[in-house]
Amino acid sequence: MHGVQCVFHAAALKQVPSCEFFPHEAVRTNVIGSENVIRAAIRADVQSLVCLSTDKAVFPVNAMGMSKAMMEKHAQAAARDLGPDGKTIISCVRYGNVMYSRGSAIPLFIRQLKSGKPITVTEPTMTRFLMPLRDSVALVNYAFEHARQGDLFIKKAPASTIADLVQALKELFDLPDHPVENIGWRHAEKLYETLASAQELASSEDMGDYYRIMLDTRDLNYKPFFSEGDTQTKTFEDYHSHNTEQLSVQGVKDLLFSLPEVQAELAAWKAGK
């Protein structure tokens, strides 16, 4: 990292089932590996370090989310130690599913559509944030440009049910009668994902398309914890994929069609018919 100005820490073990069966590997990669990146960036006087996190780090119920939550805590602890005048600005970004990324359900559903196999759905009423890759890149750029020490940035994003996502894909590929099979919940899945808790939003700044969640700068002096509280928290609610903007089937279709990968899949599908 010597001579480097900006570091973008995206390396992670992010597949939920893999982390459930091998939690020690999640810790080694997502926690200890992230700490190594943070320490190296500080030693090399990197100007800006942005660490990528996930909605699964909020109220985590699986090993992947827990390990990414610990990554955030490591980054924030290092930022707190450096202080606002530190040479290295450490920040985090948190987002939901990147559409058509590796591990996304969208490429799987398209393969099932094109091969004639039933689309396998765990729970149709499940909601997920939908973010194109271009928006996740813009989020990271925004953090590089605007981060103060210890900030965590969230891009506001729409969501849809899995049922509407599947219906949108069936209509895009003109296969309205394609079968759908409900296979039941995977290991440690949630009905909806949360990008920010009410407590975090109470110490946040609404920046239009983004939330900036400020670093908790309290120290280990425990006395104030018994005499002071936060009356703001109760005025907020968690920001999750059930209460964000809900896309209609047409809205999901429009968003899917804006993805170059989906356009390429559609072109290949039509050419082969």
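The values are calculated or read from the model by the stated rules, or taken from the named source; none is laboratory data. Predicted model, so just to flag it, every value in this text is computed and none were measured. For neighbour counting, all protein chains shown are included, and Cβ atoms are generated from backbone atoms with ideal geometry for every residue, glycine included. Ligands, DNA and RNA are excluded from the accessible area calculation, which covers all protein heavy atoms including side chains. Shrake-Rupley method; radii C 1.70, N 1.55, O 1.52, S 1.80 Å.
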Discussion item. For Cα pairs less than 8 Å apart in space and 6+ apart in sequence, what is the mean separation divided by the residue count of the stretch 157-271, i.e. the relative contact order in percent?
Written reply: 45 percent
Worksheet item: What percent antiparallel are the DSSP beta bridges of the chain, to the nearest 5?
Response: 40 percent
Worksheet item: In degrees, nearest 10, range 0 to 90: what is the angle between the Cα axis of helix 33-43 and the longest Cα principal axis of the chain?
Response: 50 degrees
Fill in: Per residue accessible area of the chain, 1.4 Å probe, in Å²
52 Å²
Worksheet item: To the nearest 10 square angstrom, how much accessible area does MET1 have with a 1.4 angstrom probe?
Response: 80 Å²
Fill in: Stokes-Einstein D in µm²/s, Kirkwood radius over Cα pairs - the chain at 4 °C with 1.567 mPa s viscosity
65 µm²/s
Worksheet item: Counting only protein heavy atoms and using a 1.4 Å probe, what share of the accessible area of the stretch 119-200 belongs to carbon plus sulfur, as a whole percent?
Response: 51 percent
Worksheet item: Cα axis of helix 260-272 to longest principal axis of the chain: angle in degrees, 0 to 90, nearest 10?
Response: 10 degrees
Item to complete: Towards the positive end of the charge dipole of the chain, with charges on Cβ (+1 Lys, Arg; -1 Asp, Glu), say which of PHE257, ALA268, ALA69 has the farthest Cα.
Response: ALA268
Worksheet, complete the sentence: Longest principal axis of the chain (C-alpha) makes with the long axis of helix 63-82 (C-alpha) an angle, in degrees to the nearest 10, of 30 degrees
Discussion item. Let's see if you can work this out: charge +1 on each Lys and Arg Cβ, -1 on each Asp and Glu Cβ, no other charges. What is the dipole magnitude of the chain about its Cα centre, in debye to the nearest 20?
Written reply: 740 debye
